Amino acid sequence: MYANDVKMSWEEVIEGTRDFLSTEFEVDRSEIRPENSLKDTLDLDSLDYVDLVVLIEENLGIKLTGEDFREIVTFGDFYQLVRKKLAL
Amino acid sequence: MLITRESITDYIPHRAPFIMVDSLISATEARFETEFCIEADNLLVSNGYFQETGLIENIAQTCAASFGYLAKEQAGEAKIGFIGAIGKLEVFELPPVGATVQTIVIPLHQLGNIYLVKGESFLEGRILLGCEMKIVVTE
């Protein structure tokens, strides 16, 4: 179910995002914190970013581009981008 | 038919004996289709059957031919693509020598110069192999 389809709180979006990221990238959920590096924590290479885009579209219903990732360093940056795209 | 066997090398970087696609039937931003006849002297034929590796390479070359065709249509130069990763691979059947394989590729996502595509090859309507492939295209 997409975040845009139902009225989800921002906290629910963050917790849901932590859930699917920890499952798909096999990292401890506790490592997904706003101050941590998205790339390092999820151990992303350039090909993995495609998987990330697919996951975000499937789970949150928003489509990210390569441009969107230029400014993202931490999960906090990532959350802000998601919030902006979801207009929450 | 958009590209015949005689001119396919104008659109892909591969050369004999490693050409695993004959003709480009159609190519749009949303769907690519090729045909390939399996000949007895093909490098990837074993015991009379075209092997899984050949079907995978056929999907990759379907992407190469299609990206090359679309780039030239847009007055650009054909770009070179590389297989970055293969996932969700399923093999159902191998085609025998003499068969003509139909291959259909659907681009699913693009992130910069990386494309995620779904490729499937068919023989007389039966699926032979399917997979997802990440193709990295030179910029």
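Key figures for this structure:
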{"quantity": "Options A:Leu47, A:Leu55, A:Leu81: the member that is over 19 Å from B:Ala85 (Cβ atoms), part of a helix (DSSP H, G or I) and not hydroxyl-bearing (Ser, Thr, Tyr)", "calculated": "A:Leu81"}
{"quantity": "Region B:98-116, subset closer than 26 Å to A:Phe69 by Cβ and either more than 11 Å from every other protein chain (Cβ to nearest Cβ) or not hydrophobic (A, V, I, L, M, F, W, C) (or both), residue surrounded by the most Cβ atoms within 10 Å (Cβ to Cβ)", "calculated": "B:Val105"}
{"quantity": "Considering residues of region A:36-78 that are of a type in the set (Ser, Thr, Tyr) and within 14 Å of chain B (Cβ to nearest Cβ) only, the residue farthest from A:Gly16 (Cα to Cα)", "calculated": "A:Ser46"}
{"quantity": "When residues of region A:34-61 are limited to those that are crowded, with 18+ Cβ neighbours inside 10 Å and in contact with a helix residue (DSSP H, G or I) (Cβ under 6 Å, 6 or more places away or on another chain), the one modelled with the lowest pLDDT", "calculated": "A:Asn59"}
{"quantity": "Residue under evaluation B:Asp41, criteria (1) loosely packed, with under 15 Cβ neighbours inside 10 Å; (2) within 14 Å of the chain's Cα centre (by Cα), criterion not met", "calculated": "(2)"}
{"quantity": "Residues of region B:1-38 that turn out to be within 14 Å of the chain's Cα centre (by Cα) and not in a loop (DSSP other than H, G, I, E, B), as a count", "calculated": "15"}
{"quantity": "Subset of region A:58-69 [within 17 Å of B:Val136 (Cβ to Cβ) and part of a helix (DSSP H, G or I)]", "calculated": "A:Phe69"}
{"quantity": "Residues within region B:44-61 that are within 20 Å of B:Thr4 (Cα to Cα) and exposed (fewer than 14 other Cβ atoms within 10 Å of the Cβ), tallied", "calculated": "0"}
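Condition check ((1) within 14 Å of chain A (Cβ to nearest Cβ); (2) under 20 Å from B:Phe36 (Cα atoms); (3) within 16 Å of the chain's Cα centre (by Cα); (4) modelled with pLDDT of 95 or more) across all residues:
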position	(1), (2), (3), (4)
B:Gln74	no, no, no, no
B:Ile83	yes, yes, yes, no
B:Pro96	no, yes, no, yes
B:Lys118	yes, yes, yes, yes
B:Leu129	no, yes, yes, yes
B:Glu139	yes, no, no, no
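The values are calculated or read from the model by the stated rules, or taken from the named source; none is laboratory data. Keep in mind it's a predicted model, so treat the numbers as computed, not measured. Note that each Cβ is placed from the backbone with ideal geometry, even for glycine, and that neighbours are counted across all protein chains shown.
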